[in-house]
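The values are calculated or read from the model by the stated rules, or taken from the named source; none is laboratory data. Treat the numbers as computed from the prediction; the structure is a model and nothing was measured. Heads up, the Cβs are rebuilt from the backbone with ideal geometry, glycines too, and the neighbour counts pull from every protein chain shown. Please note that ligands, DNA and RNA were not included when accessible areas were found on the heavy atoms of the full protein model with its side chains. Shrake-Rupley method; radii C 1.70, N 1.55, O 1.52, S 1.80 Å.
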Amino acid sequence: MKFNLYNLIAGEKGIERKISITAAAILVLLVLVTGAVTLTILAQQLDAQLENNLKALLHDKENFIHSAIDTEVSTMEGVLIRPSRLRELMAAVNAGSASREEVREIGVILENFMLSRNASAIELLDREGRVVSLDGEFVREAPISVVLQHPAHTSLLWKAGYFLHVAFPLFDNDSLIGTLSMEIALPGVGSMLQNYAGLGETGEVVMCAALPADRMSCFPSRHRPNGEMLVRHIEGKTLPMSFALEGKEGAVTALDYRSKEVFVAYQTLGNSGLGLLAKID
């Protein structure tokens, strides 16, 4: 008898062959369906992992920036709140009775405080807005300057680097006796925002503040090294940063300001009024 492999597998009779072919087709279909389901599950797991990684990265950066700002402001508030020799001297300045030695003493107090905080500039005005003491040089004509919602009396500036500008009113028994301003360089903030580890060759971290007329002011990033004022919608679609500026947090696939499709995680930066996002193409 001649051996026939096909007959052995599919059967010798027509009905047997039909059953075998149907079974084989079902088996192939099951394999394809199982493979598709497996790939879908893997894709979902990868998406979830990517989302978690981007969110964790954002939270780390948010904590660092928030801490850098709050530390400087809290230190300055502590100096202003507690009674000090500075209040006594300012009372004499405002009364017009301060001697040259007392004015010089004010300068020494401010210089020591400035050096202790590694500040780039410090200034004290009397209650009429006249300069009592000035040391260092404040940033002038910063390309980007944003007044923060919190902490109060603070602005974040960028001019070839990040600076925190703090301007606190100085009171004595609820009476205004002057205004103390200080500016501090924040090199760590720039390094943190420009660290793109884990984001590939095109990923970036962006920080922006809302502006009127549906616009936003964005600090420098990988693709826009000088920062820029941008719209909050492109082609009728809301940019993820706009969600962050509205106090929302999440992760989406969307178009960015380059009209490129990106995967984005976004959130607010504490209660500062700034938005923060990390994205990859």
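Identify, from the list G188, G236, G203, the residue that is out of contact with any Ser or Thr (no Cβ under 8 Å at 6 or more places or on another chain) and open to solvent by 40 Å² or more (accessible area, probe 1.4 Å).
Checking each option against the conditions leaves just G236.
Out of L134, L176, L193, report the one residue that is surrounded by 18 or more Cβ atoms within 10 Å (Cβ to Cβ) and not hydroxyl-bearing (S, T, Y).
The conditions single out L193.
One line per residue, one yes/no per condition, for (1) among the β-branched types (V, I, T); (2) under 31 Å from the mean Cα position of the chain (by Cα); (3) buried (at least 16 other Cβ atoms within 10 Å of the Cβ); (4) in a strand (DSSP E or B):
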residue: E128; (1), (2), (3), (4): no, no, no, no
residue: F163; (1), (2), (3), (4): no, yes, yes, yes
residue: F171; (1), (2), (3), (4): no, no, no, yes
residue: S181; (1), (2), (3), (4): no, yes, yes, yes
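I need the full set of residues from region 204-237 which are β-branched (V, I, T) and at pLDDT below 90, in order please.
Of everything in region 204-237, those that are β-branched (V, I, T) and at pLDDT below 90 turn out to be V231, I234.
Go through region 130-154 and give me each residue that's over 28 Å from the mean Cα position of the chain (by Cα) and in contact (Cβ under 8 Å) with a residue 40 or more places away in the chain.
Listed by number, the residues that qualify are V132, G136.
Determine whether G198 is surrounded by fewer than 16 Cβ atoms within 10 Å (Cβ to Cβ) and more than 30 Å from E261 (Cβ to Cβ).
no
Among the residues of region 91-117, how many are outside any helix (DSSP H, G or I), open to solvent by less than 70 Å² (accessible area, probe 1.4 Å), polar (S, T, N, Q) and within 16 Å of R130 (Cα to Cα)?
0
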